[in-house]
1. Given the structure, is residue 3 within 25 Å of residue 54 (Cα to Cα), open to solvent by 80 Å² or more (accessible area, probe 1.4 Å) and either touching a residue at least 40 places away in the same chain (Cβ under 8 Å) or not aromatic (Phe, Trp, Tyr) (or both)?
2. Do we find a residue being open to solvent by 60 Å² or more (accessible area, probe 1.4 Å), among the aliphatic types (A, V, I, L, M), free of Cβ contacts under 8 Å to residues at least 60 places away in the same chain and over 24 Å from residue 7 (Cα atoms) anywhere in segment 24-34?
3. Got a number for residues in segment 38-72 being open to solvent by 70 Å² or more (accessible area, probe 1.4 Å) and farther than 26 Å from residue 2 by Cα?
Amino acid sequence: MRLILASLGILIIAATIIFVEYPALSKSGSKQEAVAFVILLTIGTVLGIALAFHVKVPSPLDMVAAIYRPITSFISTILKG
């Protein structure tokens, strides 16, 4: 029950943000900003609900480390000589 209330609270907060912010975005005529706003808010809402359900969400830092690990080891072997 607690998880459902937490996810419901996250959805209510997201709906409030849309209610407050989206009219100004749509009036400004910038469709790209409105689309970016909706996409980012949706991603944040989904991640928030996933965290409320204790789903293990990977850190973006893990991806950055995975990308740079081969580069770091290559440079290390070059510098060691």
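The values are calculated or read from the model by the stated rules, or taken from the named source; none is laboratory data. A quick note: this is a predicted structure, and the numbers were derived from the prediction, not measured. Heads up, the Cβs are rebuilt from the backbone with ideal geometry, glycines too, and the neighbour counts pull from every protein chain shown. SASA here: full protein model, heavy atoms, side chains in, ligands and nucleic acids out. Shrake-Rupley method; radii C 1.70, N 1.55, O 1.52, S 1.80 Å.
1. Numbers: within 25 Å of residue 54 (Cα to Cα): yes; open to solvent by 80 Å² or more (accessible area, probe 1.4 Å): no; either touching a residue at least 40 places away in the same chain (Cβ under 8 Å) or not aromatic (Phe, Trp, Tyr) (or both): yes.
Against the criterion (within 25 Å of residue 54 (Cα to Cα), open to solvent by 80 Å² or more (accessible area, probe 1.4 Å) and either touching a residue at least 40 places away in the same chain (Cβ under 8 Å) or not aromatic (Phe, Trp, Tyr) (or both)), residue 3 does not qualify.
2. Scanning segment 24-34 turns up at least one residue that is open to solvent by 60 Å² or more (accessible area, probe 1.4 Å), among the aliphatic types (A, V, I, L, M), free of Cβ contacts under 8 Å to residues at least 60 places away in the same chain and over 24 Å from residue 7 (Cα atoms).
3. 11
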